[in-house]
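First comes the structure, then the notes that go with it.
The values are calculated or read from the model by the stated rules, or taken from the named source; none is laboratory data. Just so it is clear, the structure is predicted and the values come from calculations on it, not from any experiment. Ideal geometry is used to build each Cβ from the backbone, glycine not excepted, and the neighbour counts take in all protein chains shown. The accessibility values were calculated without ligands, DNA or RNA, using every heavy atom of the protein model including side chains. Shrake-Rupley method; radii C 1.70, N 1.55, O 1.52, S 1.80 Å.
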Amino acid sequence: MKKFIILSLVMLLALPCFAAKRFKYGIVFNKNPFSPYNSADLSRVFKPQQRIYWLFMSKPNIKAEFIKVQIVSGTDKGPYQTFSGIVYTHEYKINKDSPHFFTDYVVLHSKGHYYMEIFDKNNLHKPLAVADFYVR
């Protein structure tokens, strides 16, 4: 019983280490520009014609000189989520002074379920990060 408790404690303490190794890239959304004061005020639901601020985070330095941001509209009808068309695409130059994050905003006018994909400009086949959000 003592070994079981020690083994359980070790596994419980080791979980954050395993989770930290899996995170490489991520996208979060906000209704206001990102700052240290509102970084916990994240949202995934926005109104039409509202600014959608997004933050792309990277654990390793972003090695690419450019990233491509693409927003596609999706449908939730049926058992699978499908993409129905590209709504927005833009290329951004990465600032080497802040190689772990990039932020900007986008405005969408139509209601729907959207997916943001961020690609390395040198590899457009596999996105670095994908996140979804809603305009209602």
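Before moving on, here are some points about what is shown:
- Residue check for Ser58: modelled with pLDDT of 80 or more, at negative phi and among the small types (Gly, Ala, Ser): yes
Yes/no matrix, rows are residues, columns are (1) touching a Ser or Thr at 6+ places or on another chain (Cβ under 8 Å); (2) open to solvent by less than 30 Å² (accessible area, probe 1.4 Å); (3) at pLDDT 95 or above; (4) of a type outside the set (D, E, K, R):
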residue	(1), (2), (3), (4)
Gly74	yes, yes, no, yes
Gly78	no, no, no, yes
Ser84	yes, no, no, yes
Met116	no, yes, yes, yes
Leu124	no, no, no, yes
Leu128	yes, no, no, yes
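- Residue match in segment 111-126 (condition: assigned to a loop (DSSP other than H, G, I, E, B), over 18 Å from the mean Cα position of the chain (by Cα) and either within 20 Å of Val45 (Cα to Cα) or aromatic (Phe, Trp, Tyr) (or both)): yes
- Qualifying residue in segment 41-63 (condition: loosely packed, with under 11 Cβ neighbours inside 10 Å, under 25 Å from Gly112 (Cβ atoms) and free of Cβ contacts under 8 Å to residues at least 24 places away in the same chain): no
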